[in-house]
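To start, the structure under review is shown below, and the notes come after it.
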Ligand SMILES: Nc1ncnc2c1ncn2[C@@H]1O[C@H](COP(=O)(O)OP(=O)(O)OP(=O)(O)O)[C@@H](O)[C@H]1O
Ligand SMILES: [Mg+2]
């Protein structure tokens, strides 16, 4: 009885299925790469598949964390990919104009410039959504499209390469044997969790996303909160942009962060945050982003032919989304794994019920990611 | 007299939610041509029984037979196709679609795959007419008050059998608290319709916390308590006192107490004044004064502008004219924040759309207003928060008394209490209660009314709106009478003020 109920508490934990999928995906690699889980120390740096998954997944985690709070308010931010490109372009072009590319002050200024641009983008998105009442998907589409143009203007349509050691640290350097980006991610995640859960911000965000009209009548300044989350999301994207350009020591206005918004949205959904807004889970999003990165790695290690790459990825994403749906689990595995609440009747002429919708909403997005 | 065969029989019904056994071994039967009341306190399991029947929830045990055949519906649509039409407790329609679309959603009249809009509008208008309603079926549903939305939900359910292509027609009509925000005339209209359906042999399951309505319309009742069956009785065999005793498991004398209780508390100096406050399409400009510790009741028919008046005072809607002053300071009316800051609280009648955040927990919903006032940088200290929440869960007897429960999973009446708790916790100077007892059981209703009296004695002003005139009369120092979106009179309560006197005032407004 007690093991039974403990088992149920475990399977009903909101992180259970994302983590289960992550573990499964990791295990899939073992037959193909027997030393998949081993981590080696070479030249004072730790190497191994696990380390690279986190390293390569870092920008996605950052963008997805920002996306989570936006989605929690019932919004969405499609402009993050463009913000990634703009930030990288600005920072690199600034550094490339320095006499001494290794000067710390110049690098810091370049990064500050990138972050400032992101704040402007976030304010613009927030202004359109919160003040002008434009649908988030449309409002953020503007920078998604125009932003890449701006990035190309900055780079003159070329790939700017730089040669700056301090800048290289963010995305390509090591610290205490680990890639430096892992520390950046850890700090951003910790700050986000502290900001949302140590203050009342998380609660207010969830209230705005869960019932906007009720939040207004209860006196929540939802406009302010919405502007804040768009700025925060843009900042996260900016850090990711710095990281990506630092890793390659180059700014590519065309391709940096391309389609990252879609992977980020997927990561959020896999992490269990509903696209309808309301409850959100930063931890879930981190796991979701790792799932996506692991999937990409797995595709290479098990040697899926390149032309079927996307189909394979889509199939896995469908499975993950289905597993997330209590209704599906109840159908396939019986009531033990499913929600006890039974079916939410599809026939009700109701405004969509919030809890089961997340997974189904995600499905149409896969083909592009 | 040999009993006919029941059209619906539910036997040994069990339903469990994590941590809650909502129904255990409940039997229920329904005969053709009867109106059967399902009675019980808030959280007794009435709505759950209905949702298990209609396939919203899956069954954890027991059997259901319809017309002698064993059935198990996977969705409300299947139940509907089998002849069970349902109006759920929470109005469950699409606010941005038109009334006609809402009535026909999912079964629009079509020809060659195309929706016949004209025919749909015409039939919708006829159905609405049958209920004696005067509404424009092409207008979006959200442009009507909650009571009208509730009526549209009823029209939708009874209309099912009528539109062709549906075959079977309604055998069982389930109404879960359909009358909670209706007033007398609409209730009578609904009862007329129910009687007609009953004569046609439809079996009707009716849930209401208004005992008078039960005794007026029902033939038989089944009483639930804490998810278990207490008994099935003919309405004629059981008086109200006996019924209440069955429902709560002990005798209830608070109700009587309240009748004797007179509002003797004195009112203080002026708290709030509204001058020429109005909004086109909402309510004509009015002047109003509310004193400290005063209970101001609003009386009027459906759509007379009671809710609109309250919303204007609170700043939920922006007035076109006039001003509101509280404690000598004029409020900015662009958002509710100014009013909230000045100590005004507003419990909306529409707890689902304008009140609760269903995904958040009881605790989070209760502290929301207080937290919003403090701003996001100053969370309420955990110890203080838990103490406050526990205090109000206890004071209002919210069940289950679990602050971690998701509000969406609470029974309707308990959700209403959470909404009340949210504002009480802010200790407002003026508490606006729009239908605070909507969906609340007899015992809790008396409790809430007593609470209003004691709050007013402690100096809190209350603006009280209720569909039941007696409720307003019993509690108020002053009664504002509304008609056709105008405040037509303000009467000081006294022995000579009776409900018929108020009805007269409402009616005589007609000749102006
Ligand atoms: N989806 C759910 N998840 C968990 N618990 C639930 C859920 N729905 C109902 N419950 C619980 O089941 C019990 C019965 O609730 P139900 O809604 O049937 O009460 P009710 O008799 O309709 O009350 P009311 O008069 O307040 O409408 C309550 O304790 C409620 O908290
Ligand atoms: Mg109910």
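The values are calculated or read from the model by the stated rules, or taken from the named source; none is laboratory data. None of these values were measured; they are calculated from a predicted model. Note that we place each Cβ from the backbone using ideal geometry, even for glycine, and neighbour counts take in every protein chain shown.
Looking for something within 16 Å of ligand 2 (Cβ to nearest atom) and crowded, with 16+ Cβ neighbours inside 10 Å - is there at least one such residue anywhere in the range B:92-103? Yes, some residue in the range B:92-103 is within 16 Å of ligand 2 (Cβ to nearest atom) and crowded, with 16+ Cβ neighbours inside 10 Å.
Annotation: residue B:299 fulfils all but one of (1) more than 13 Å from chain A (Cβ to nearest Cβ); (2) touching a helix residue (DSSP H, G or I) at 6+ places or on another chain (Cβ under 7 Å); (3) part of a loop (DSSP other than H, G, I, E, B); (4) more than 16 Å from ligand 2 (Cβ to nearest atom); the unmet one is (3).
Yes/no per residue for (1) buried (at least 19 other Cβ atoms within 10 Å of the Cβ); (2) within 9 Å of another protein chain (Cβ to nearest Cβ); (3) closer than 16 Å to residue B:368 by Cβ:
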residue: A:156; (1), (2), (3): no, no, no
residue: A:161; (1), (2), (3): no, no, no
residue: A:166; (1), (2), (3): yes, no, no
residue: A:174; (1), (2), (3): no, no, no
residue: A:178; (1), (2), (3): no, no, no
residue: A:189; (1), (2), (3): no, no, no
residue: A:193; (1), (2), (3): no, no, no
residue: A:209; (1), (2), (3): yes, yes, yes
residue: A:214; (1), (2), (3): yes, yes, yes
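What tally of residues in the range B:158-196 results from selecting those that are surrounded by 19 or more Cβ atoms within 10 Å (Cβ to Cβ) and modelled with pLDDT of 80 or more? Number satisfying all stated conditions: 16.
Against the condition farther than 17 Å from residue A:19 by Cβ, more than 14 Å from chain B (Cβ to nearest Cβ) and either at pLDDT below 80 or within 16 Å of ligand 1 (Cβ to nearest atom) (or both), how does residue A:332 come out, does it pass? Steps first, please.
On the way: farther than 17 Å from residue A:19 by Cβ: yes; more than 14 Å from chain B (Cβ to nearest Cβ): yes; either at pLDDT below 80 or within 16 Å of ligand 1 (Cβ to nearest atom) (or both): yes.
Spelling it out, residue A:332 is indeed farther than 17 Å from residue A:19 by Cβ, more than 14 Å from chain B (Cβ to nearest Cβ) and either at pLDDT below 80 or within 16 Å of ligand 1 (Cβ to nearest atom) (or both).
Please tell me if residue B:54 is within 16 Å of ligand 2 (Cβ to nearest atom) and over 18 Å from residue B:226 (Cβ atoms). Answer is yes for this residue.
Per-residue answers, yes or no, for (1) more than 21 Å from the chain's Cα centre (by Cα); (2) within 13 Å of chain A (Cβ to nearest Cβ); (3) buried (at least 18 other Cβ atoms within 10 Å of the Cβ):
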site: B:4; (1), (2), (3): yes, no, no
site: B:18; (1), (2), (3): yes, yes, no
site: B:22; (1), (2), (3): yes, yes, yes
site: B:28; (1), (2), (3): yes, no, yes
site: B:40; (1), (2), (3): no, no, yes
site: B:44; (1), (2), (3): no, no, yes
site: B:50; (1), (2), (3): no, yes, yes
site: B:55; (1), (2), (3): yes, yes, yes
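Among the residues of the range B:29-46, those identified as more than 10 Å from ligand 2 (Cβ to nearest atom) and within 20 Å of residue B:416 (Cα to Cα) are B:39, B:41. The strands (runs of 3 or more DSSP E) located wholly in the range B:23-104 that include 1 or more residues which are farther than 19 Å from residue B:214 by Cβ occupy B:61-66, B:69-71, B:84-87.
Taking residue B:30, is it more than 16 Å from ligand 1 (Cβ to nearest atom) and closer than 29 Å to residue B:354 by Cα? Outline the logic, then answer.
Values: more than 16 Å from ligand 1 (Cβ to nearest atom): yes; closer than 29 Å to residue B:354 by Cα: no.
When the stated conditions are applied, residue B:30 does not pass them.
Set side by side, the residues B:486, B:399, B:385 differ, and just one is within 20 Å of the chain's Cα centre (by Cα) and either within 25 Å of residue B:39 (Cβ to Cβ) or buried (at least 18 other Cβ atoms within 10 Å of the Cβ) (or both), which is B:399. Within the set A:202, A:272, A:219, the sole residue that is touching a helix residue (DSSP H, G or I) at 6+ places or on another chain (Cβ under 8 Å), within 14 Å of chain B (Cβ to nearest Cβ) and free of Cβ contacts under 8 Å to residues at least 24 places away in the same chain turns out to be A:219.
Just one of the listed residues (B:463, B:475) is within 23 Å of residue B:285 (Cα to Cα) and assigned by TED's automatic domain parsing to the domain that holds residue B:282, and it is B:463. For the range B:187-212, enumerate the residues that are in contact with a strand residue (DSSP E or B) (Cβ under 8 Å, 6 or more places away or on another chain) and within 16 Å of ligand 2 (Cβ to nearest atom). Of everything in the range B:187-212, those that are in contact with a strand residue (DSSP E or B) (Cβ under 8 Å, 6 or more places away or on another chain) and within 16 Å of ligand 2 (Cβ to nearest atom) turn out to be B:205, B:206, B:207, B:208.
For the range B:43-53, a tally of residues being near ligand 1 (Cβ under 7 Å from one of its atoms) and under 20 Å from residue B:92 (Cα atoms) returns 6.
In the set (1) within 13 Å of another protein chain (Cβ to nearest Cβ); (2) part of a loop (DSSP other than H, G, I, E, B), residue B:372 fails one condition alone, (2).
Is the range B:123-137 home to any residue that is in contact with a strand residue (DSSP E or B) (Cβ under 8 Å, 6 or more places away or on another chain) and away from ligand 2 (no atom under 16 Å from the Cβ)?
Going residue by residue through the range B:123-137, those that are in contact with a strand residue (DSSP E or B) (Cβ under 8 Å, 6 or more places away or on another chain) are B:137.
Keeping just the survivors that are away from ligand 2 (no atom under 16 Å from the Cβ) gives B:137.
Yes: the range B:123-137 contains one or more residues that are in contact with a strand residue (DSSP E or B) (Cβ under 8 Å, 6 or more places away or on another chain) and away from ligand 2 (no atom under 16 Å from the Cβ).
Among the residues making up the range A:7-57, a single one is exposed (fewer than 14 other Cβ atoms within 10 Å of the Cβ), under 17 Å from residue A:297 (Cα atoms) and in contact with a strand residue (DSSP E or B) (Cβ under 7 Å, 6 or more places away or on another chain): A:39.
What do you reckon, is residue B:359 more than 16 Å from ligand 2 (Cβ to nearest atom) and at the interface with chain A (Cβ under 9 Å from one of its Cβ atoms)? Working first, answer last.
Numbers: more than 16 Å from ligand 2 (Cβ to nearest atom): yes; at the interface with chain A (Cβ under 9 Å from one of its Cβ atoms): yes.
Yes: the conditions hold for residue B:359.
Annotation: of all residues in the range B:314-324 being within 13 Å of chain A (Cβ to nearest Cβ) and more than 22 Å from the chain's Cα centre (by Cα), the one that is surrounded by the fewest Cβ atoms within 10 Å (Cβ to Cβ) is B:318. The range B:412-476 holds helices (runs of 4 or more DSSP H) entirely within its bounds, and those carrying 2 or more residues that are within 16 Å of ligand 2 (Cβ to nearest atom) and within 14 Å of another protein chain (Cβ to nearest Cβ) map to B:412-424. Counting only helices (runs of 4 or more DSSP H) that fall entirely inside the range A:257-335 and contain at least 1 residues that are more than 29 Å from residue A:88 (Cβ to Cβ), the qualifying elements are A:309-324, A:326-333.
In this structure, residue B:402 does satisfy being in contact (Cβ under 8 Å) with a residue 24 or more places away in the chain, part of a loop (DSSP other than H, G, I, E, B) and within 16 Å of ligand 1 (Cβ to nearest atom).
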